[in-house]
Amino acid sequence: MSEFAKPRGLGRGLSALLGEPVKTATPANAPAWTAPQPLAPARVVDAPAPPAGSESGPRGLAIDLVQRNASQPRKHFDETELAELASSIRAHGVLQPILVRPIPGGRYEIVAGERRWRAAQRAGLHAIPAVVRELDEVEVLEIAIVENVQRTDLNPIEEAQGFQALIDRFGRTQQEIAEAVGKSRPHIANMLRLLSLPEDLRDMVRDGRLSAGHARAILTAPDPRALALRALSEGLNVREIERLAQQAKDEKHGPRVSHIESKSADTRALEQSLSGALGLDVKISEKGAGGELKITYKTLEQLDDVIRRLRGGL
């Protein structure tokens, strides 16, 4: 497995990189950073980035030398929450350093902590505490996703787009993503399904009008948009949406013919086990001594993942 394909276990959190939020131990040979007083000029240690693997502590970086990461999965920042955080920073300073990596031109790119950086700017600070680490592109994206997912800062669409970026840009499988961010593989598969929504329905998920569960149920309907509008107007729960989606499919294609009664308990258990392992719908039809195995996928990425797993073994 290549360096980029090997899961790094980032789901355990950022403590290994940032240390504890407030009382972070600083080595004796590293410049100490003290939280700036409200609006007072802060001491800036414009030190070069430490070598890869270095464990030097937080340092004060000039805030105008720090820039956001364009690949940051979180796109929306609540204005009220930013204002409250800026007010707290004016009174107490930035209590937890941000995580950055050095980039050309003597600047630094944020890996984790963009919200604190934005609020510090609003608070009028001239410097911000930062831990500098040499990180590659896949580590940067994974850490950004982990930080936001653990703090529930991402809306479901942002989370799904972050996972899709790991697949598209770095060839990660759903299982590798699950291990990296500390989630189950079915969770990753279910989140990726949200990207099949039309853009106007994605907006409803982004702003919270529809939950991720509502959206996944709506996706199974012949007309997702019509069912979404009905769900909003009538305040339907997920089970009600699932029932209406099935009714609409039955009206369009005819009722389902259920064979569950003819299946053995072992066959049904095997279906559930395979569905959980693949994150896809799996049906087994028994026909005498043989039968059929049906795996349903919704995107080409899901198909590619199944092919990779079949070639390499489950």
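When we screen 239, 268, 230 for residues that are of a type in the set (D, E, K, R), modelled with pLDDT of 90 or more and over 22 Å from residue 159 (Cβ atoms), the only hit is 230. Looking at (1) farther than 22 Å from residue 79 by Cβ; (2) buried (at least 17 other Cβ atoms within 10 Å of the Cβ), which one does residue 204 not meet, given that it meets all the others? It fails just one condition, (1). The residues of segment 169-187 that are in a helix (DSSP H, G or I), farther than 13 Å from residue 142 by Cβ and touching a residue at least 40 places away in the same chain (Cβ under 8 Å), listed by number, are 174, 185, 186.
Output the residues belonging to segment 64-97 that are touching a Pro at 6+ places or on another chain (Cβ under 7 Å) and of a type in the set (Val, Ile, Thr).
Listed by number, the list holds a single entry, 94.
The values are calculated or read from the model by the stated rules, or taken from the named source; none is laboratory data. These numbers were taken from a predicted model, which means no experiment stands behind them. Note that each Cβ is placed from the backbone with ideal geometry, even for glycine, and that neighbours are counted across all protein chains shown.
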